[in-house]
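The values are calculated or read from the model by the stated rules, or taken from the named source; none is laboratory data. Note that the coordinates shown come from a computational prediction; the quantities given were computed from them, not determined experimentally. Every residue, glycine among them, receives a Cβ derived from its backbone with ideal geometry; neighbour counts consider all protein chains shown.
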Amino acid sequence: MLKGTINADTFRDSIEAVSALVTECRLHFSEQEVWIRSVDTANVAMVILTLEQGAFNSYEATPGELGLDIAKMKNIFTMMGKASEVSLEYPEGANKIDVRFEGYHYAITLLDTNTIKKDPNSPGIELPGTVTISGSDLYSTIKSVSVVSDKMWLGINPEKNVFFIKAEGDSDHIEREFTSDELISCNFAEAKSLFSVDYLKDMGKVMSHAASVTIHLGSDHPVKFSFDIAGGKGHVEYLLAPRIEAD
């Protein structure tokens, strides 16, 4: 059973964060929190969303899970208008979740959790390099650098004490370096990995609204992005596998 009300902006931010990578997922809930851990169909990127009880205006739940069609949840955005609050109710054993806002009652049929890809395990890897940057700076750089290639490097150069994003096309090259003065915090350990631009742009659009995004990097390792929503009472993590270039 799940019943609660949530700020409309928090609801929108949560669904947008998940929809950047997946179209369906399992929503888990307990007395203290709700969470989603899901991987995209290509098994390249993972999203982890956690909302504490305090992220809701009201919250009541008994442990359980349900299958969400994220595309249907996004349909709500076009109806919400200036709604300030969204009400969610899932009675135990029901096959629908009731969503109410601005006089609307939207009964959304749930997916069978047995047909949804199993929740992935978080990779237990140590990523030595860490930088924290504003979400808007990160996204604008990803967009700018993406004009020359469908892949880009994210890395840290400890000799120059910079975090960099760069791309190399057939004839052109773009690189943006961030010094410590331009970053919120940094641990300049050597790191460099290559990633798909499409994934970075999809995730970057969501991260652009975050005041700060922490990036964990290694060499030819996945990258992890983490940031808060709901005034710090919600948290999102993205993990993206690297592209390995043949020698």
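Of note:
- Residues that are in contact with a Phe, Trp or Tyr (Cβ under 7 Å, 6 or more places away or on another chain) and farther than 26 Å from Ser84 by Cβ, drawn from the range 1-45: His28, Val44, Ala45
- Odd one out for Phe178 among (1) outside any strand (DSSP E or B); (2) buried (at least 18 other Cβ atoms within 10 Å of the Cβ): (1)
- The set of residues in the range 105-146 that are outside the structural domain of Leu27 (by TED's automatic domain parsing), among the hydrophobic types (A, V, I, L, M, F, W, C) and touching a helix residue (DSSP H, G or I) at 6+ places or on another chain (Cβ under 7 Å) comprises Leu138, Ile142.
- In summary, Val99 fulfils each of the numbered conditions (1) in contact with a helix residue (DSSP H, G or I) (Cβ under 7 Å, 6 or more places away or on another chain); (2) over 26 Å from Asp13 (Cβ atoms); (3) not assigned by TED's automatic domain parsing to the domain that holds Ile215 with the single exception of condition (2).
Listed here are the residues, each with its yes/no results for (1) outside the structural domain of Phe195 (by TED's automatic domain parsing); (2) within 21 Å of Lys96 (Cβ to Cβ); (3) in a loop (DSSP other than H, G, I, E, B).
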{"site": "Asp13", "(1), (2), (3)": "yes, no, no"}
{"site": "Leu21", "(1), (2), (3)": "yes, no, yes"}
{"site": "Asn57", "(1), (2), (3)": "yes, no, no"}
{"site": "Glu60", "(1), (2), (3)": "yes, yes, no"}
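- A Cβ distance below 7 Å, combined with a sequence gap of six or more or placement on separate chains, defines the contacts here; from the range 90-119, residues that are in contact (Cβ under 8 Å) with a residue 40 or more places away in the chain reach residues that are among the polar types (S, T, N, Q) and assigned to a strand (DSSP E or B) in the pairs Phe101/Ser87; Asp119/Ser38.
- Output for the range 110-164, where each listed residue is under 23 Å from Ile244 (Cβ atoms) and assigned to a loop (DSSP other than H, G, I, E, B): Pro120, Asn121, Ser122, Pro123, Gly124, Ile125, Glu126, Leu127, Pro128, Ser149, Asp150, Pro158
- From Ile97, Ile165, residue being surrounded by 18 or more Cβ atoms within 10 Å (Cβ to Cβ) and closer than 22 Å to Ser226 by Cβ: Ile165
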